[in-house]
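Chemist: Quick one: the structure is below, questions incoming.
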Amino acid sequence: MGIQNGNDDPAYVLRGVRTGFGVFLASQTVVFITIIAVRFLMAYGSVGPYSQALGAVITVLMVASALVARTSRQAVKNGDLSAMAGRLVVALALGAAAFLLVLLEWVALRQSGIAMTTPTLEVYFTLTGFWLLYALIGGFLLIAARARGLRVGYTAASHWDLEAATYFWTFVALAWIAVYLVLYVL
Amino acid sequence: MAQRQAQVPSPPELRAKARRPMVPVFRAVLWATIGFVVINAMAAWLDPSPNSPYLPAVGAVAGWFGGLIGWLLGIGGYEHVIRPMFGHPAPVSHSTGWRQYFDFSTNHKVIGTQYLIFSTATFFWAGLIAMAMRFQLMSWRPTIFQYPQNYLNAVGIHGTLMMFTVATVAMIGGLGNYMVPLMIGARETVFPKASGLSIWLVPIGVMTVTMSPLLGNWTTGWRGYEPLAASDGNGMLFYYLGVFALTTSSLIVSLNLTTTIIFKRTKGMTWNRLPIFVWGILTVSLLNIIWLPEIQAAFIISLLDKLIPFNFFNALGQPLGYAELFWLFGHPEVYIVVVPALAMWNELLPVFTRKSLFARPMAVLGLVFVMMLSGMVWAHHMFTNMRFSEMLPFSFFTEMISIPTGFAYLAAIGTLWKSRLRLTTPALLVLMSMFNFLIGGLTGLFLADVPANLQLHDTFFVVGHFHYTIIGGMVFSWMAAMYYWLPKFTGRTYSEFWGKLGAIWVFITFNLTFSNFFILGLRGMNRWVSSYPHYLMSENFWTSIYAFLLGAGFLLNLVHILWAWNAGPKVKENPWEAKTLEWHTSSPPPAKNFDVLPEVVGSFYVYGDQVPEPVAAASQIGGRAPSV
Amino acid sequence: MSDVVIFGILWIVFSVLGELGAKAWVDSAPQGSGPYFGVASNVGLVGVHAFDFLVWVALPIFVFVALMIVFSMVRFHVRKDSPATGDAPAQFRNNKAFVGIWVVASILINVLIWLHPNASGLETVFAAQAPQNNPNALVVDVTARQWEWIFSYPQYHITQSLNAAGQDVLYLPVNRPVKFVLRSYDPFHAYDYQIAVIHGFWIPAFGIKLDVVPGETRQLYLTPTKLTSTEQNPMTRVQCSEVCGPGHPYMEANVHVVTAAQFAAWVKGQQAAGN
């Protein structure tokens, strides 16, 4: 790790901020690891009565959303702010669809008459509930990053807010993939 | 997010923003109240139940989050974080003077001081609760706590506040925030805004835990054991939420300080030259980053267990699952408490012995290995309910962790030998801390031994053991650090007479109080009881008397430090002739810490007549960096 | 060198004195059970012997470090009237022999005390828990509820043993193995699975405790070795050791360890009373 005298060089400062944000995201994986551990403690490997098709659709939506969100950074590097804004809207729409589909599954499970306290459903509601919370925060960050970009204007050298929001959104997508693997596949 | 402010100059707007309509704390209280009431009402509307009280469990939890958000926005999060995130310019003006301590700040020294204020206030508040508990225990039958649940509430609040607001905060959020940037030659931290908000999670957490009995008694103590927690009163919910706020605060501190230590070191501050205290903060920060999210997740799951209610941790689920999750965090937690203290010893001893730090690599390795082993010992809190096959490995790792812990003693003893020890108050407190922690550590040998543990577990022997490690190890070191850095904080110093008197008073009364705990435990005094068999009464009575004297001793030190802070005699810039960087600037340090960033050219821990100064800036600018 | 010699002599002297004091403490009750204020069961004896052994080991370590602190304060501190303010004349940053001995000794001590008394003691405890080593064991079903200990003796058809005052009471014959079957649930509200919490089954005089966990059945074998009772020694009581709610302090029951003949008479009385 290079040590700078004065350490005010923007690229260096950015590296620090980026590393810190990465450590933050890494620490948040612990949250999911903990709940996944609880899942195996409570429900072992059992897969609950939730829709496999819906789960697959949500996964596809989230992967697409994260990929689109990441391309918004490329748009900024190309100096095209309106493309950045447009792609973020697409990413948000895909993410919102995934979010609503999870809620739909919740409603469906509540309507199915199966007790919420069945071990598989307990862990389903808990794990997806946590994910919904992170998705909500991620969506807020994307909206904020988009608004900021349109108001202040990102440049290829300076668009950390967008970068952070897309990193977080990627984390949300990866978290969903982990949730999907644990709840639907394993 | 939004670490750099928007570069849009709009002076009139800025000036308009500079005049806030209300003092931040009052605005925060108002917004928090609005947040709480609105979200509570929404929850009550969405989840109506017949005959529900105004504050149903779901409403209390949802409302709390509304209150939390209102509080953080009101304290300054709205202008300083949320609006800049959307591209609006952040206000450039900050409060000055005493007002800045009641406001959102990005200055790590102000934030560190705020942490110290809240930690100290909470230490005395939770200490007062301990005094009430000791008053109850003077008699074998109820006196001031008419019902055991009231007493157990007090136990839980005392433990929770002491752990999450004092033991893991004072030396990390407080001294760490204040001193780490100074000690590594940085002008600010990497995440000043997050840090400025994180401190304001502390009062919310303290208030939440303190007020929790209003929602209903909870009787689990600070560990919140399931399934009791799920069937206990709704105050349990505020325990989870209060701890959530406090741990989030510590998590932000750790993220900020870790990144700062990695990226903000001045020229020449290599890993080999990093001060021991900074190593201590770095290792505990890593522990925080790993384990705080774990306990937060476990607590939210427990909260759902109680609120929905799910069956995770009751007879239908895994009652011991919670205990595993809790101690998986809970044991690293005690190293989060004590590692900064161990680091503090070896930070201070070379200064006061005028002798090179002995076996410095061992001292650092000790801290790192303690950190790495601390995640492998948790189940030694569960010897009375685990499988036989698990007893051997967990007792093994538990014994082994005393080896790296011993390295702190190795370095300290090697440094003391043939030194020129200046027995000032901080040095005395470090030696006392070493003595106390020695007893705490050696009694740990007995608890790590499974056959003996099966008798000692859940008795006052354990209570004595961890008070020896936490008060004896951490609080004494914290006091040493406060006396040591007092000239740095204020440019003033304390009275050596009153400092020594305070130290000796606290040392004697502490040992009288808590050595009795061991005997009480061996005689069959179990934990979490407000009433006990009559034969234990006279020993408990005297333990309480010593405890009151101990409380008075802490108060004496507080009054003395406050006096010295405001009116102590002025002192020269570097009264201890210490070598680390925080002494290479004026006292108190200017807003940006250093006018000229110092360059490190040698070790801070090498003493001797021929040894050159470890800091180059001194020679370049003729003596110390000029103060502003 | 002289400092080392003086320190060494002081260390040995204080360690010997300390060990003599420790011996007095250990021997202050029969069978070396001084620290436990006496022990009345076979497994408790394992624990107290481990405790005693650790006292022997810990004492010289304690004396070494504590004496070092005091010794430095006396021998190495700069006096107020001393004009010298400079650095210490001796400036060593390492001492391979000292560090080496320290590291090796701390590893050895830790491994040794893990093997003995820990692993060796556990071996004894595990053996004591094997059913084949407890022939003709008296079975006592222990049910922990908020907040009461309920004892039943299925071999004697005693559903809930009570004393004359109607309180739960535990009678055990001396020197006969006992198998405690520990469960936590509320037999009076068996439908409510949410009120069962973790309790701790502890008889301080027996020197052992075991948690009672809802949803699980646990067993504890031990043999009472002394005639005693709660009235004679208040440490002979069943005490809940794990916090279990407001009633936790009061979750106790009296214990009587009696002769086989007295136990038989007591069983007859319980059966006659229809308990």
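The values are calculated or read from the model by the stated rules, or taken from the named source; none is laboratory data. Just so it is clear, the model here is predicted, and its values are computed rather than measured. Glycine also receives a Cβ, built like all others from the backbone with ideal geometry; neighbour counts cover every protein chain displayed. Remember, those area values only see protein heavy atoms, side chains included, never the ligands or the DNA or RNA. Shrake-Rupley method; radii C 1.70, N 1.55, O 1.52, S 1.80 Å.
Chemist: Just one of the numbered conditions (1) within 9 Å of chain A (Cβ to nearest Cβ); (2) open to solvent by 10 Å² or more (accessible area, probe 1.4 Å); (3) outside any loop (DSSP other than H, G, I, E, B) is not true of B:TRP279; which one?
Modeler: (1)
Chemist: Taking the condition more than 7 Å from chain B (Cβ to nearest Cβ) and free of Cβ contacts under 8 Å to residues at least 40 places away in the same chain, does C:VAL78 pass? Even if it seems obvious, please write down each step before you answer.
Modeler: Details: more than 7 Å from chain B (Cβ to nearest Cβ): no; free of Cβ contacts under 8 Å to residues at least 40 places away in the same chain: yes.
So C:VAL78 fails the test.
Chemist: Consider segment A:6-21. How many of its residues are surrounded by 13 or more Cβ atoms within 10 Å (Cβ to Cβ) and assigned to a helix (DSSP H, G or I)? Before you say what the answer is, go through the steps one by one.
Modeler: To start, the set of residues in segment A:6-21 that are surrounded by 13 or more Cβ atoms within 10 Å (Cβ to Cβ) comprises A:7, A:12-21.
Imposing the further condition that a residue be assigned to a helix (DSSP H, G or I) reduces the set to A:12-21.
Residues flagged as surrounded by 13 or more Cβ atoms within 10 Å (Cβ to Cβ) and assigned to a helix (DSSP H, G or I) within segment A:6-21 amount to 10.
Chemist: Suppose we filter segment B:498-536 for residues that are open to solvent by less than 20 Å² (accessible area, probe 1.4 Å), assigned to a helix (DSSP H, G or I) and facing chain C (nearest Cβ under 7 Å); how many remain?
Modeler: Total satisfying the criteria: 1.
Chemist: Any idea which residue in segment B:429-440 is surrounded by the fewest Cβ atoms within 10 Å (Cβ to Cβ), counting only those that are at the interface with chain C (Cβ under 9 Å from one of its Cβ atoms) and under 14 Å from B:ILE413 (Cβ atoms)? Give the steps one after another, and end with the answer.
Modeler: So in segment B:429-440, the residues at the interface with chain C (Cβ under 9 Å from one of its Cβ atoms) come out as B:431-432, B:434-435, B:438-439.
Among the residues that remain, those that are also under 14 Å from B:ILE413 (Cβ atoms) are: B:431, B:434-435, B:438.
Values: B:LEU431: 27, B:MET434: 26, B:PHE435: 20, B:LEU438: 22.
Looking at the filtered set, the residue picked out is B:PHE435.
Yes or no, residue by residue, for (1) within 22 Å of C:GLY100 (Cβ to Cβ); (2) more than 10 Å from chain C (Cβ to nearest Cβ); (3) charged (D, E, K, R):
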{"site": "B:ALA341", "(1), (2), (3)": "no, yes, no"}
{"site": "B:PHE352", "(1), (2), (3)": "no, no, no"}
{"site": "B:LYS355", "(1), (2), (3)": "yes, no, yes"}
{"site": "B:PHE358", "(1), (2), (3)": "yes, no, no"}
{"site": "B:LEU367", "(1), (2), (3)": "yes, yes, no"}
{"site": "B:GLY375", "(1), (2), (3)": "no, yes, no"}
{"site": "B:ALA379", "(1), (2), (3)": "no, yes, no"}
{"site": "B:THR384", "(1), (2), (3)": "no, no, no"}
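Chemist: Among C:ASP186, C:ASP192, C:ASP211, C:ASP168, which is under 19 Å from C:GLY47 (Cβ atoms) and of a type outside the set (A, V, I, L, M, F, W, C)?
Modeler: Numbers: C:ASP186 fails: under 19 Å from C:GLY47 (Cβ atoms); C:ASP192 fails: under 19 Å from C:GLY47 (Cβ atoms); C:ASP168 fails: under 19 Å from C:GLY47 (Cβ atoms).
One residue alone meets the criteria, C:ASP211.
Chemist: Quick check on C:LEU45: is it assigned to a helix (DSSP H, G or I), outside the structural domain of C:THR223 (by TED's automatic domain parsing) and over 23 Å from B:ASP449 (Cα atoms)?
Modeler: Numbers: assigned to a helix (DSSP H, G or I): yes; outside the structural domain of C:THR223 (by TED's automatic domain parsing): yes; over 23 Å from B:ASP449 (Cα atoms): no.
Considered against the rule, which asks whether it is assigned to a helix (DSSP H, G or I), outside the structural domain of C:THR223 (by TED's automatic domain parsing) and over 23 Å from B:ASP449 (Cα atoms), C:LEU45 comes out as no.
Chemist: Also: Got at least one residue in segment C:116-124 being in contact (Cβ under 8 Å) with a residue 24 or more places away in the chain, open to solvent by 70 Å² or more (accessible area, probe 1.4 Å) and in the same structural domain as C:LEU17 (by TED's automatic domain parsing)?
Modeler: As a first pass, look at segment C:116-124 and keep what is in contact (Cβ under 8 Å) with a residue 24 or more places away in the chain: C:116-118, C:121, C:124.
If we keep only those that are open to solvent by 70 Å² or more (accessible area, probe 1.4 Å) as well, we get C:116, C:124.
From the residues that got through so far, the ones that are in the same structural domain as C:LEU17 (by TED's automatic domain parsing) too are C:116, C:124.
Checked against the condition, which is being in contact (Cβ under 8 Å) with a residue 24 or more places away in the chain, open to solvent by 70 Å² or more (accessible area, probe 1.4 Å) and in the same structural domain as C:LEU17 (by TED's automatic domain parsing), segment C:116-124 yields at least one hit.
Chemist: Another question, then. Any idea how many residues of segment B:308-324 are open to solvent by 10 Å² or more (accessible area, probe 1.4 Å) and under 29 Å from the mean Cα position of the chain (by Cα)?
Modeler: Number satisfying all stated conditions: 2.
Chemist: Here are some residues: B:PRO426, B:PRO451, B:PRO393. Which one is surrounded by fewer than 24 Cβ atoms within 10 Å (Cβ to Cβ) and either out of contact with any Lys or Arg (no Cβ under 9 Å at 6 or more places or on another chain) or under 30 Å from B:ALA359 (Cα atoms) (or both)?
Modeler: Values: B:PRO426 fails: surrounded by fewer than 24 Cβ atoms within 10 Å (Cβ to Cβ); B:PRO451 fails: surrounded by fewer than 24 Cβ atoms within 10 Å (Cβ to Cβ).
Selected residue: B:PRO393, the only one of B:PRO426, B:PRO451, B:PRO393 that is surrounded by fewer than 24 Cβ atoms within 10 Å (Cβ to Cβ) and either out of contact with any Lys or Arg (no Cβ under 9 Å at 6 or more places or on another chain) or under 30 Å from B:ALA359 (Cα atoms) (or both).
Chemist: Which pairs have Cβ atoms under 6 Å, sit 6 or more apart or on different chains, and link a residue in segment A:105-122 that is modelled with pLDDT of 90 or more and aliphatic (A, V, I, L, M) to one that is surrounded by 15 or more Cβ atoms within 10 Å (Cβ to Cβ) and assigned to a loop (DSSP other than H, G, I, E, B)?
Modeler: A:LEU121/A:GLY48
Chemist: Given the options C:ALA58, C:ALA22, C:ALA88, C:ALA29, name the one that is outside the structural domain of C:ALA119 (by TED's automatic domain parsing), open to solvent by less than 60 Å² (accessible area, probe 1.4 Å), small (Gly, Ala, Ser) and more than 14 Å from B:ILE413 (Cβ to Cβ).
Modeler: Sole residue among the options that is outside the structural domain of C:ALA119 (by TED's automatic domain parsing), open to solvent by less than 60 Å² (accessible area, probe 1.4 Å), small (Gly, Ala, Ser) and more than 14 Å from B:ILE413 (Cβ to Cβ): C:ALA88.
Chemist: Test C:VAL139 against the criterion of being modelled with pLDDT of 95 or more, within 25 Å of B:THR405 (Cα to Cα) and more than 8 Å from chain B (Cβ to nearest Cβ), and give yes or no. Give the derivation first.
Modeler: Details: modelled with pLDDT of 95 or more: yes; within 25 Å of B:THR405 (Cα to Cα): no; more than 8 Å from chain B (Cβ to nearest Cβ): yes.
When the stated conditions are applied, C:VAL139 does not pass them.
Chemist: Same structure again: Exactly one of (1) open to solvent by less than 20 Å² (accessible area, probe 1.4 Å); (2) over 19 Å from B:ILE561 (Cα atoms); (3) more than 14 Å from chain C (Cβ to nearest Cβ); (4) in contact (Cβ under 8 Å) with a residue 60 or more places away in the chain is unmet by B:GLN136. Its number?
Modeler: If we test B:GLN136 against (1) open to solvent by less than 20 Å² (accessible area, probe 1.4 Å); (2) over 19 Å from B:ILE561 (Cα atoms); (3) more than 14 Å from chain C (Cβ to nearest Cβ); (4) in contact (Cβ under 8 Å) with a residue 60 or more places away in the chain, just (3) comes out false.
Chemist: Looking only at residues in segment B:251-273 that are closer than 30 Å to B:MET162 by Cα and either in contact with a Leu (Cβ under 6 Å, 6 or more places away or on another chain) or of a type outside the set (Ser, Thr, Tyr) (or both), which one is farthest from the other protein chains (Cβ to nearest Cβ)?
Modeler: Filtering segment B:251-273 for residues that are closer than 30 Å to B:MET162 by Cα and either in contact with a Leu (Cβ under 6 Å, 6 or more places away or on another chain) or of a type outside the set (Ser, Thr, Tyr) (or both), the one farthest from the other protein chains (Cβ to nearest Cβ) comes out as B:VAL253.
Chemist: Still on this model: Determine the pairs where a residue that is closer than 17 Å to B:PHE369 by Cβ and part of a helix (DSSP H, G or I), located within segment C:88-109, has a partner that is among the small types (Gly, Ala, Ser) and open to solvent by 40 Å² or more (accessible area, probe 1.4 Å) with Cβ atoms under 8 Å apart, the partner being 6 or more residues away or on another chain.
Modeler: Hits for this filter: C:SER106/B:SER402.
Chemist: Okay, next question. Looking at (1) of a type outside the set (Val, Ile, Thr); (2) open to solvent by 10 Å² or more (accessible area, probe 1.4 Å); (3) in contact with a strand residue (DSSP E or B) (Cβ under 9 Å, 6 or more places away or on another chain), which is the only condition B:ASN385 fails?
Modeler: Just one mismatch for B:ASN385, condition (2).
Chemist: Within segment B:43-62, track down each residue that is in contact with a Gly (Cβ under 8 Å, 6 or more places away or on another chain), open to solvent by 30 Å² or more (accessible area, probe 1.4 Å) and either assigned to a helix (DSSP H, G or I) or at pLDDT 85 or above (or both).
Modeler: Answer for segment B:43-62, where residues must be in contact with a Gly (Cβ under 8 Å, 6 or more places away or on another chain), open to solvent by 30 Å² or more (accessible area, probe 1.4 Å) and either assigned to a helix (DSSP H, G or I) or at pLDDT 85 or above (or both): just B:ALA44.
Quick grid of which residues meet (1) within 14 Å of chain C (Cβ to nearest Cβ); (2) without any contact (Cβ under 8 Å) to a residue 60 or more places away in the chain; (3) hydroxyl-bearing (Ser, Thr, Tyr); (4) part of a loop (DSSP other than H, G, I, E, B):
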| residue | (1), (2), (3), (4) |
| --- | --- |
| B:ILE561 | no, no, no, no |
| B:ALA564 | no, no, no, no |
| B:PRO598 | no, no, no, yes |
| B:TYR607 | yes, no, yes, yes |
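Chemist: Additional query: Being in a helix (DSSP H, G or I) and in contact with a Pro (Cβ under 7 Å, 6 or more places away or on another chain) narrows it down to one of B:PHE369, B:PHE326, B:PHE397, B:PHE313, so name that one.
Modeler: Numbers: B:PHE326 fails: in contact with a Pro (Cβ under 7 Å, 6 or more places away or on another chain); B:PHE397 fails: in contact with a Pro (Cβ under 7 Å, 6 or more places away or on another chain); B:PHE313 fails: in a helix (DSSP H, G or I).
Being in a helix (DSSP H, G or I) and in contact with a Pro (Cβ under 7 Å, 6 or more places away or on another chain) holds for just one of B:PHE369, B:PHE326, B:PHE397, B:PHE313, which is B:PHE369.
Chemist: Since A:GLY113 meets every condition but one in (1) open to solvent by less than 60 Å² (accessible area, probe 1.4 Å); (2) of a type outside the set (S, T, N, Q); (3) at positive phi, which condition does it not meet?
Modeler: (1)
Chemist: Taking segment B:223-268, which residues are of a type in the set (D, E, K, R) and more than 18 Å from the chain's Cα centre (by Cα)?
Modeler: Initially, segment B:223-268 is screened for residues of a type in the set (D, E, K, R), giving B:223, B:226, B:232, B:264-265, B:267.
The answer is B:GLU226, B:ASP232, B:LYS264, B:ARG265, B:LYS267.
Every residue, every condition in (1) open to solvent by 30 Å² or more (accessible area, probe 1.4 Å); (2) among the small types (Gly, Ala, Ser), yes or no:
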residue: B:TRP64; (1), (2): no, no
residue: B:ILE69; (1), (2): yes, no
residue: B:GLY74; (1), (2): no, yes
residue: B:HIS80; (1), (2): no, no
residue: B:ARG83; (1), (2): yes, no
residue: B:THR96; (1), (2): yes, no
residue: B:GLN114; (1), (2): no, no
residue: B:PHE123; (1), (2): no, no
